[in-house]
Each structure stands twice: as structure tokens, then as C-alpha cells.
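First comes the structure, then the notes that go with it.
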Amino acid sequence: MPQGARIIAAIETAWDVLREQHPELPVVYVTVDVAGARHSLAYPVGLEADMKPELPIHRDTLAAGSWAILESLLHVATHALCHARGISETANRGRRHNRRFADVAAELGMAWPEGEPPHASRGFSPVPITPEAGEKYAPLMEALDKTLEGVDLGALQAPPKAGSGSRLTLQCGCAPARTFQIGRRVAAVGPITCGVCGKEFTEK
């Protein structure tokens, strides 16, 4: 199995373990992120029943080992649970995490240090894994470490850049061209045709 596929399969398995314990978590598809710094699921615009949100795992996180991977997955899972429950857990464009984030994180085995004030800009983030949760997830971390043995993380390539994060900017053949932005996963469902010029929208 190619190295990238091995990593993705291992992360998907780890996420499935979390889903067994927290059924509110969605089914996802995993990508290895070598360029961005996103720490939550990417939900496509106009998400349909058969479309999964994207779970990014950063290459630096993979290089840091299983504990860092678990912390990242639990952090993303906390955001996902908040999303599923309609909880507003961040401010300042998602950078500052509020007390509600920390409360939901506690359900996943993390705990904000007692008596420690929130960070000036990040708020209650990152929330550390408790020793008890570390013991609970030890078999999962061992499996992740085994998967990563001998993997050349430097060989992983960055995904192609989109116009804005995971979105594409499309244009038609009109003069001047009509343009709009759309999620990459939604755009992949099928061609989009302009009702004016009759031509297919293509990436700008």
C-alpha cells in the first residue's frame, strides 16, 4: 500500500474509534495537509447526504508522533461535536476558543488545567489530554506509531491551491465572464453550465 494511503487509512481508523464512542461525529474523508493550519473539519458548501466533510491532518503533526495525532483528532472532534450540536465555540475567525469548547473537549478526555487562565488570543486552546485518556487510547496510539514506522513524510506533496482555502473560483465564457466560488467537493459532483452563454464553468 502506498505510504499516503497507509497514513490515511490509519487516521480514518482512529476517527472511527472516536465515532464509536461519540456517534454524533460525522463520517469523514482524510487528507494530509502540508500547507495549511486548519484545526477543524471542512464542510463543503451545500453538503449533500453522500458528501463527507474533510478531516485535515498536518504533516508536522504526523511527524510529532501518535500523541500529537491524537491531540489533533480530539481537537477536531471537539469542533465537530460543537457543530453537530449548534454550539458557538469560537470567536475571532475561529482563533479564540471559548469555555464551551473546553466543556465539550472534556467529554473526549481532555481537561483545561485547573486554575490556569485562558490564553490571551487562543482562549481555551489547546486543551491537554488527561493521563486517564492517554491510558485509554494507548492501543490506538501504538497502532498509529506502527503505521508511521518507515514512512517518508517529506515525500508527501501539498494539494493544489484553490482560490480560497478549499474553494474554487469558476468562470464561464461570457464577456465579461461571470464568476463565483464553490466548494471543491461540490464542484466535483458534475459540470456546471452557464444559462447565458451555454458554456461550462471552468476554474479561473
Ignoring ligands, DNA and RNA, please state the percent of accessible area on the range 63-103 from carbon and sulfur, probe 1.4 Å. 45
Between Glu116 and Lys52, what is the label-point separation in nm under the 7 Å Cα-to-beta-carbon projection? 3.3
What FRET efficiency comes out for the pair Asp145/Gln21, r = Cβ-Cβ distance, R0 = 25 Å, nearest 0.05? 0.75
Stretchable slack from Glu132 to Arg85, in nm (0.36 nm times residue separation minus alpha-carbon distance): 14.3 nm
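The values are calculated or read from the model by the stated rules, or taken from the named source; none is laboratory data. Because the structure is a prediction, the values reported are computed rather than measured. Methodologically, a virtual Cβ is constructed for each residue, glycine included, from the backbone with ideal geometry; neighbour enumeration extends over all protein chains shown. Accessible surface areas use protein heavy atoms only, side chains included; no ligands, DNA or RNA. Shrake-Rupley method; radii C 1.70, N 1.55, O 1.52, S 1.80 Å.
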